[in-house]
Amino acid sequence: MTTVRREAFGRMPPEEGGGEVEKFVLQSDSLRVEILSFGCIITTLETKDRDGQFSDVVLGFDTLEGYMRKHPFFGAVVGRVANRIANGRFTLDGKEYQLFLNNGPNSLHGGAKGFDKVLWSPQVLPNGVRFFRLSPDGEEGYPGDLKVWVTYTLSGRELAINYQAQTSKTTPISLTNHSYFNLAGQGSRDVYDHEISIEADSYLPVDDTKIPTGEVAAVQGTGFDLRQPVELGKHLQKFHLDGFDHNFCLHQGQDRHLAARVFHPPTGRTMEVHTTQPGIQFYTGNNLDGSLKGKDAATYPKHSAFCLETQNWPDAVNKPPFPNVLLHPGEEYNHTTWLVFNTA
């Protein structure tokens, strides 16, 4: 049984058009999730440990002001295209499109004002909430009027996030949720004691601006082989890695498949990520530096959280061998990711 409650969370500043931001509280026996109509942001996700104690396992802020300021996409839905597009440029049907460069020489997570920084229209469902927005033709440089629906539904231990879109012109699209997790509880110092496995035989090596080189490399015999669980801190040390910020190549096909599993031995919390997407970006919070004041006055230092962003492969719009990232008029973009929380 899931209950859904809506309440006011704050108002957008006048220069952002005003507008009421609402918070939607989804609750089952096992999970409690809070989601904003601003950026479709997951602000809170409380789940039980093996003793039945609830803790909030996602990073974020207590107030709307925190989310209005610059932050690393805590909890938000990012788009039109998640991850990086090289030089913010791509060509479609002979026409070149230039996007805003907000990540060194590249465009990241939709540009200057992506889906994470706008107000969505909510609709309460019996077991969740659906958000809608129309991204107008030319927004952030992307072609076509894009209608987008993001639906969160809660069933027992499982939170499903479904993304649907339709376009008036051919456009690249790849949507994801950018929650930062720490299964010890948000505000915990690091994620080194988490055990992670990713169901991927290959990954995408990147250049020094984090753009895939085009090679699809086998994980076998490398630090990227996460097919069997590894303890994160020890693994980073063993392979002299500063952290992960890489796309792992998943099973390709529209069916649901397990992508990743995380286990936190001290609390017994487990988290599984299932998806229909062909890729998952594993990011270990390398750019967190303790400068942000989060919930309950917590600070978030480097490696104090991880992200598992289900998505298409980065820069796919410029790399024809990568999975198709283009949506055409008359087609529907439809992907789902499931987050399953348990104890062991």
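The values are calculated or read from the model by the stated rules, or taken from the named source; none is laboratory data. Here the structure is a predicted model, which is why all the values come from computation and not from measurement. Glycine also receives a Cβ, built like all others from the backbone with ideal geometry; neighbour counts cover every protein chain displayed. These accessible areas exclude ligands, DNA and RNA; they are computed on the full protein's heavy atoms, side chains included. Shrake-Rupley method; radii C 1.70, N 1.55, O 1.52, S 1.80 Å.
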Taking segment 73-227, the whole-percent share of alpha-carbon pairs separated by over 28 angstrom is 35
Over 30 Å between C-alpha atoms is what I'm after, so list which of 147/293; 169/293; 117/293 land there. 147/293; 169/293
Amide H contacts under 5 Å for residue 248, restricted to residues at least 5 apart in sequence or on another chain and with H modeled in the peptide plane, are 280, 281, 282
The answer for the per residue Cα convex hull volume of segment 275-344, in Å³, is 175
Of 202, 184, 247, which is farthest towards the positive pole of segment 3-343's charge dipole, taken about the Cα centre with +1 and -1 on the beta-carbons of Lys, Arg and Asp, Glu respectively? 184
For segment 3-343, build the charge dipole from Cβ charges (+1 Lys, Arg; -1 Asp, Glu) around the Cα centre, then report which of 134, 279, 72 sits farthest towards its positive end. 134
Expressed as a whole number of Å, what is the distance separating the alpha-carbon centroids of segment 55-75 and segment 267-329? 15
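Expected output is a single nm value to one decimal: the length gained when fully extending between residue 29 and residue 62, i.e. 0.36 nm times separation in residues minus the C-alpha distance. What is it?
9.5 nm
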Taking the simple approach of a point 7 Å from Cα along Cα-to-Cβ for both residue 51 and residue 127, what is their distance in nm? 3.2
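Could you work out how much longer the chain between residue 328 and residue 256 gets when fully extended? Use 0.36 nm per residue separation minus the Cα distance between them, nm to one decimal. Display every interim value, and only then the final one.
Working: separation 72, 0.36 × 72 = 25.92 nm, distance 2.32 nm.
Answer, rounded to one decimal: 23.6 nm.
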Of all accessible heavy-atom area on the chain, the percent that carbon and sulfur account for (1.4 Å): 47
Note down the relative contact order for segment 226-293 as a percent, whole number, built from C-alpha pairs under 8 angstrom at least six residues apart. 35
Reachable aspartates and glutamates from residue 234, Cα under 16 Å, same-chain residues fewer than 8 places away excluded? 190, 193, 195, 225, 242
Given a 1.4 Å probe, the accessible area of the chain per residue, as a whole number of Å², is 40
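Taking the convex hull of the Cα atoms, report for segment 3-343 its projected area averaged over all directions, in nm². Don't skip to the end; give the middle numbers.
On the way: hull surface 64.4 nm².
Taking the Cα atoms of segment 3-343, their convex hull projects to 16.1 nm² on average.
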Which residues' amide hydrogens lie under 5 Å from the amide hydrogen of residue 92, considering only partners 5 or more residues apart or on another chain, with H built in the peptide plane? 97
